[in-house]
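The values are calculated or read from the model by the stated rules, or taken from the named source; none is laboratory data. All values reported here derive from a predicted model rather than from experimental measurement. For neighbour counting, all protein chains shown are included, and Cβ atoms are generated from backbone atoms with ideal geometry for every residue, glycine included.
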There are 2 protein chains.
Amino acid sequence: MRTRPLKVALLGCGVVGSEVARIMTTHADDLAARIGAPVELAGVAVRRPSKVREGIPQELITTDATALVKRGDIDVVVEVIGGIEPARTLITTAFEHGASVVSANKALLAEDGAALYAAAEEHGRDLYYEAAVAGAIPLIRPLRESLAGDKVNRVLGIVNGTTNFILDKMDTSGAGYSEALDEATALGYAEADPTADVEGFDAAAKAAILAGIAFHTRVRLDDVYREGMTEVTAADFASARRMGCTIKLLAICERAADGGSVTARVHPAMIPLSHPLASVRGAYNAVFVEADAAGQLMFYGPGAGGSPTASAVLGDLVAVCRNRLNDATGPGESAYTQLPVSPMGDVVTRYHISLDVADKPGVLAQVATVFAEHGVSIDTVRQQGKDGEASLVVVTHRAPDAALSGTVEALRKLDTVRGVASIMRVEGE
Amino acid sequence: MRTRPLKVALLGCGVVGSEVARIMTTHADDLAARIGAPVELAGVAVRRPSKVREGIPQELITTDATALVKRGDIDVVVEVIGGIEPARTLITTAFEHGASVVSANKALLAEDGAALYAAAEEHGRDLYYEAAVAGAIPLIRPLRESLAGDKVNRVLGIVNGTTNFILDKMDTSGAGYSEALDEATALGYAEADPTADVEGFDAAAKAAILAGIAFHTRVRLDDVYREGMTEVTAADFASARRMGCTIKLLAICERAADGGSVTARVHPAMIPLSHPLASVRGAYNAVFVEADAAGQLMFYGPGAGGSPTASAVLGDLVAVCRNRLNDATGPGESAYTQLPVSPMGDVVTRYHISLDVADKPGVLAQVATVFAEHGVSIDTVRQQGKDGEASLVVVTHRAPDAALSGTVEALRKLDTVRGVASIMRVEGE
């Protein structure tokens, strides 16, 4: 074994960073044995230097992250700051100064992954980011490497633990959205401002990353269709149950049937209770992958949290350090297919639509005509009447999303339709 | 991109080999883009050269596997023959002649993995074998690489599709073992001689491989405790259901609580219906991994079949080819912990025991005394009497397997115990 240690700079020392530092210290011997050389924490860049950080010698702490990545003797920079800046500049600077980078930064990778990859390649260094998607669940490496000889057609996943906790709570307890959110906040599963989670921004960033890797093309955050889950109601769960389904916030990346384009989207959807994703409880994440030869695979585990995310970071750290010792690099960006990303309107899916309608003869015929005019075929209709009002629940066959939303728009204009109570896509069948 | 192709020799052209050859041809452009150089099928060693093999030029076919691996211009040998010999000699010869090896051979890796790794290292070549365990499910790479910075404590998996199909059938239809086996055979899930599957030999080989990788030590097939599932009855399933459990044939690899040793075993066990492994249906495989930092992960997918296994082989092929181009090698054997493998008696687990006893006062007291004398604490007892005969179902707390089997032995000697109807371990709680 080489005795000169590999030097690691840690940018950020919050929940994840402190755990990375802790494991680097407590498991130093194991890491050295697995890498083939010891690793040494050479510096830790933080915002609040006065905070006591157990197990991290004070002399390693600095507030000058830029100086740390510019030192020139750093082998690997671990970036767990998050957000776009200063993370982007720090990572780029790290590559320029000869370091490889392990990042957990989904927002940055979704926003600007291609530029980061280019910087890594220019300087002959590695960019690894297993922790950016689904915490500890090995997902980036299986997609980039294990499935490198296969053709992935679909990635369907629960990639946000906060929203899964909330939806699971709503499903199992009958609670409404606000009540379930309050509980998630009280238990620390939701942040004080839960927007990034509940509006699907976090999941959309992950969908962009997964779609890019799965289809060997570039997918940016802007390419991802996004709907949050704040409008999912207890009534939606009741409807879902009647269909033998539950509701999950899903990230869905698909190759079009003709293979010429891809789509990426995040929205709440009904999925059958028999689908493996339906039984993913609490804050857990799971990602379902469908590939030509491999068939259906699923990866399941904790999608967030300091320790699980640190596990993913350290797995990458070991790989990147091994590469440094071998004077090699792992797989870089693979975007050779250059498949375009189609808009949401092109996605082929199914709708579950609840309508409040006048309870009089001919309404169903009117409604059915609207579906037919838009080329959307109806799978089932359930009609329930009471006191001159009725509700109509329509489940469609698969149709382009544009045709489905056109149908809903037209339905809203019918005199006999008093309101569209809910629209939800149906997936995983 | 490099234009000179990397040359691949394929040893074996059965269900898996023919699929590897097919994908290499149909997806040649994708493979080339992902590797950075084209790959060329340079030869295919078979036993029956006269058989027509669609898509494989006749001039590539040879019966002389040894000459093929000795050619000297082969970059990668893909071994999908299976069995110990001639596979072992061919792989060793391949390394000696400068080739890296991708193998799907679980029996050989479990039997002699250390020697193969040593040969690979001696010649500076790669040995990859994702396809040897759980077909298409990325498992070896996540354990070897993604979790390389973590400490795995437990691997608990359904790693044999045939037996899972049979047990699932028994569970869902109430069928007995022979009936379910007949159906598995008729559907092609079980071979004409199902011994390797139903007696747990196949799963034991996989357990040996998984334990070695998970705990960074050497575990051989002989180190794995093995019980088949041919004696599981419909009555066992009925008992399991009463406990809120089902029965699976599990491969279980554990680090001892004190960290100083490991165990590996294969046997049927009751697991709670709420455990993610309980809902693994049909011939699917799934492996649950518990690690210090990552927490609980699960990997799920098709565990066998030509296409899924070929997917795993090709993922390895891409990795090994990239390494060749980089003049590097991937991670080799990691057995530095040198943890000894403890015998089954040291495993700490729970038992579910059904006894046929005389229906008279004092029997329970007698039975309970035997448990106490062996230091085994009882969790629950269920007693059911009828016509002078009674059955007693005892579920124990966790205790060393040796104490549990000693208890059963002593129970058999009691006059009031007419018979031990079934003994089954309880796992996954």
_So for segment B:282-294 (the condition being without any contact (Cβ under 8 Å) to a residue 12 or more places away in the chain and not assigned by TED's automatic domain parsing to the domain that holds B:Arg398), does at least one residue qualify?_
no
*What is the one condition in (1) without any contact (Cβ under 8 Å) to a residue 60 or more places away in the chain; (2) hydrophobic (A, V, I, L, M, F, W, C); (3) away from every other protein chain (no Cβ under 14 Å) that A:Val69 does not satisfy?*
(1)
*Using the structure shown, decide if A:Ile137 is β-branched (Val, Ile, Thr) and either assigned to a helix (DSSP H, G or I) or free of Cβ contacts under 8 Å to residues at least 40 places away in the same chain (or both).*
no
_Every residue from segment B:338-365 that is at pLDDT below 95 and out of contact with any strand residue (DSSP E or B) (no Cβ under 7 Å at 6 or more places or on another chain)_ = B:Lys360, B:Pro361, B:Gly362, B:Ala365
_Meets criteria (within 14 Å of chain A (Cβ to nearest Cβ), surrounded by 13 or more Cβ atoms within 10 Å (Cβ to Cβ) and hydrophobic (A, V, I, L, M, F, W, C)) for B:Val15_ = yes
*Quick one: count up the residues across segment A:65-80 that are surrounded by fewer than 24 Cβ atoms within 10 Å (Cβ to Cβ) and in a loop (DSSP other than H, G, I, E, B).*
6
*If you scan segment A:172-188, which residues turn out to be assigned to a helix (DSSP H, G or I) and either closer than 30 Å to B:Ala28 by Cα or away from chain B (no Cβ under 14 Å) (or both)?*
A:Ser173, A:Tyr177, A:Ser178, A:Glu179, A:Ala180, A:Leu181, A:Asp182, A:Glu183, A:Ala184, A:Thr185, A:Ala186
*Mind listing just one residue for me: the one in segment B:1-12 that is in contact with an Asp or Glu (Cβ under 8 Å, 6 or more places away or on another chain) and in contact (Cβ under 8 Å) with a residue 40 or more places away in the chain and, of those, surrounded by the most Cβ atoms within 10 Å (Cβ to Cβ)?*
B:Leu11
*asked:* Checking the conditions here, which among B:Ala107, B:Ala94, B:Ala136, B:Ala118 is buried (at least 24 other Cβ atoms within 10 Å of the Cβ) and either under 23 Å from B:Asp223 (Cβ atoms) or more than 14 Å from every other protein chain (Cβ to nearest Cβ) (or both)?
replied: B:Ala94
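In this structure, does A:Thr162 turn out to be free of Cβ contacts under 8 Å to residues at least 40 places away in the same chain and either of a type outside the set (Phe, Trp, Tyr) or in a loop (DSSP other than H, G, I, E, B) (or both)?
Against the criterion (free of Cβ contacts under 8 Å to residues at least 40 places away in the same chain and either of a type outside the set (Phe, Trp, Tyr) or in a loop (DSSP other than H, G, I, E, B) (or both)), A:Thr162 does not qualify.
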*Does at least one position in segment A:341-360 carry a residue that is more than 30 Å from A:Leu221 (Cα to Cα) and free of Cβ contacts under 8 Å to residues at least 60 places away in the same chain?*
yes
*Would you check if B:Thr380 is outside the structural domain of B:Leu156 (by TED's automatic domain parsing) and under 23 Å from the mean Cα position of the chain (by Cα)?*
no
_Given (1) among the aliphatic types (A, V, I, L, M); (2) buried (at least 20 other Cβ atoms within 10 Å of the Cβ); (3) within 14 Å of chain B (Cβ to nearest Cβ), identify the lone condition not met by A:Val46._
(3)
*Taking the stated definitions as given, is B:Leu314 outside the structural domain of B:Val198 (by TED's automatic domain parsing) and buried (at least 22 other Cβ atoms within 10 Å of the Cβ)?*
yes
*asked:* Quick check on this structure: which one of B:Ala87, B:Ala99 is within 19 Å of B:Arg324 (Cα to Cα) and modelled with pLDDT of 95 or more?
replied: B:Ala99
*When segment B:408-422 is examined, which residues are found to be crowded, with 16+ Cβ neighbours inside 10 Å and part of a loop (DSSP other than H, G, I, E, B)?*
B:Leu414, B:Thr416
*Going through segment A:292-311 one residue at a time, which ones are at the interface with chain B (Cβ under 8 Å from one of its Cβ atoms), out of contact with any Pro (no Cβ under 6 Å at 6 or more places or on another chain), more than 9 Å from B:Ala294 (Cα to Cα) and buried (at least 24 other Cβ atoms within 10 Å of the Cβ)?*
A:Ala293, A:Leu297, A:Phe299, A:Tyr300
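Among the residues of segment B:151-171, which ones are touching a Pro at 6+ places or on another chain (Cβ under 9 Å) and either away from every other protein chain (no Cβ under 14 Å) or charged (D, E, K, R) (or both)?
From segment B:151-171, those touching a Pro at 6+ places or on another chain (Cβ under 9 Å) are B:161-163, B:166-167; that's our starting set.
Hits for segment B:151-171 are B:Thr162, B:Thr163, B:Ile166, B:Leu167.
Listed here are the residues, each with its yes/no results for (1) part of a strand (DSSP E or B); (2) over 26 Å from A:Val152 (Cβ atoms).
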site: B:Leu10; (1), (2): yes, no
site: B:Glu19; (1), (2): no, no
site: B:Asp30; (1), (2): no, no
site: B:Arg34; (1), (2): no, no
site: B:Glu40; (1), (2): yes, no
site: B:Gly43; (1), (2): yes, yes
site: B:Arg48; (1), (2): no, yes
site: B:Gly55; (1), (2): no, no
_Tally, over segment B:19-38, of residues that are buried (at least 22 other Cβ atoms within 10 Å of the Cβ) and more than 10 Å from chain A (Cβ to nearest Cβ)_ = 1
_Residue that is surrounded by the fewest Cβ atoms within 10 Å (Cβ to Cβ) [pool: residues in segment B:121-133 that are of a type in the set (D, E, K, R) and assigned to a helix (DSSP H, G or I)]_ = B:Glu122
